[in-house]
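Working notes, structure below.
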Amino acid sequence: MTKKNDQTPDYYKGSRTPEHATPPDFFEMLNRKFHFSLDPCATHQNAKCANYFTKQDDGLSRSWRGHTVFMNPPYGRVIVDWVKKAYEESRDPDTVVIGLLPAKTDTRWFHDWVYNKSIIQLWKGRLKFSGSDNSAPFGSMIVIWGLDFIDQNS
């Protein structure tokens with residue numbers, strides 16, 4: 001039963017979990033281009049990089065400095081914390097963060113930490129996340145934070 005004060009958007013409520021495992025072929029397509037060295041939102045079973053943080057490691061409190069980061073964060077309320085962290089970590093000239101995010105351009109986190117602070121690539125169609133029977137009920141976007149974007153837009 002939904003609590004009266006529950007502010008979770010409807011598009012998250014249909015999922016059993018806020019964690020959406022990245023499809024391997026989708027990750028490999030991105031990895032060929034970016035050569036990721038850190039996955040801060042992983043489990044031991046689905047880590048995409050040799051260096052990774054699990055929920056117990058708390059990737060939000062750890063440094064991502066010097067890495068090319070692949071971030072597919074939990075899509076619930078905590079997504080704002082991950083998106084803010086991605087932006088802040090990317091301010092270091094040795095760090096680039098690529099995020100796989102729901103294409104929710106009407107959210108506060110999008111306007112605070114993505115829009116005009118990154119390169120945004122909207123994904124055509126809907127991804128089918130690993131372990132899911134159906135495609136996602138939302139569109140996806142690839143967000144790139146880092147030195148190249150800052151240099152181009154200074």
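The values are calculated or read from the model by the stated rules, or taken from the named source; none is laboratory data. In this text the structure is predicted, and so the values were computed from the model without any measurement. Neighbour counts are summed over all protein chains in view; Cβ atoms, including those assigned to glycine, are modelled from backbone coordinates with ideal geometry.
Can you say whether SER15 is at pLDDT 95 or above and of a type in the set (S, T, N, Q), as far as the supplied structure shows? Steps first, please.
On the way: at pLDDT 95 or above: no; of a type in the set (S, T, N, Q): yes.
Against the criterion (at pLDDT 95 or above and of a type in the set (S, T, N, Q)), SER15 does not qualify.
Scanning the range 131-142 for any residue that is among the hydrophobic types (A, V, I, L, M, F, W, C), surrounded by 14 or more Cβ atoms within 10 Å (Cβ to Cβ) and at pLDDT 95 or above turns up nothing.
Looking only at the range 28-47, filter to residues that are without any contact (Cβ under 8 Å) to a residue 60 or more places away in the chain and among the polar types (S, T, N, Q); which one of those is nearest to ILE142 (Cα to Cα)? Give the derivation first.
Within the range 28-47, the first condition is being without any contact (Cβ under 8 Å) to a residue 60 or more places away in the chain, and the residues that meet it are 28-29, 31-33, 35, 37-45, 47.
Okay, now just the ones that are also among the polar types (S, T, N, Q), so 31, 37, 43, 45.
Numbers: ASN31: 13, SER37: 17, THR43: 21, GLN45: 23 Å.
Ranking the qualifying residues of the range 28-47, first place goes to ASN31.
Considering (1) part of a loop (DSSP other than H, G, I, E, B); (2) modelled with pLDDT under 95; (3) loosely packed, with under 12 Cβ neighbours inside 10 Å, the lone condition that ASP25 does not fulfil carries the number (1). Criterion first (modelled with pLDDT under 95 and of a type in the set (Asp, Glu)) does ASP148 satisfy it? The answer is yes for ASP148.
Scanning the range 79-99 for residues that are closer than 10 Å to GLY66 by Cα and of a type in the set (Val, Ile, Thr) yields THR95, VAL96. Please find, among LEU127, LEU60, LEU101, the residue that is within 19 Å of MET29 (Cα to Cα) and either assigned to a loop (DSSP other than H, G, I, E, B) or modelled with pLDDT under 90 (or both). Exactly one residue qualifies, and that residue is LEU127. Restricting attention to the range 33-54, the residues that are modelled with pLDDT under 95 and farther than 21 Å from TYR87 by Cβ total 5.
Considering each of PHE110, PHE70 in turn, give the residue that is within 20 Å of THR22 (Cα to Cα) and modelled with pLDDT of 95 or more. Reasoning before the result, please.
Details: PHE110 fails: within 20 Å of THR22 (Cα to Cα).
Testing whether each residue is within 20 Å of THR22 (Cα to Cα) and modelled with pLDDT of 95 or more leaves just PHE70.
Only one of the numbered conditions (1) touching a Cys at 6+ places or on another chain (Cβ under 8 Å); (2) farther than 23 Å from ILE119 by Cβ is violated by TYR52, and that is (1).
Would you confirm whether any residue within the range 74-89 is within 16 Å of SER140 (Cα to Cα), under 12 Å from the mean Cα position of the chain (by Cα), in a strand (DSSP E or B) and not aliphatic (A, V, I, L, M)? The answer is no; no qualifying residue exists.
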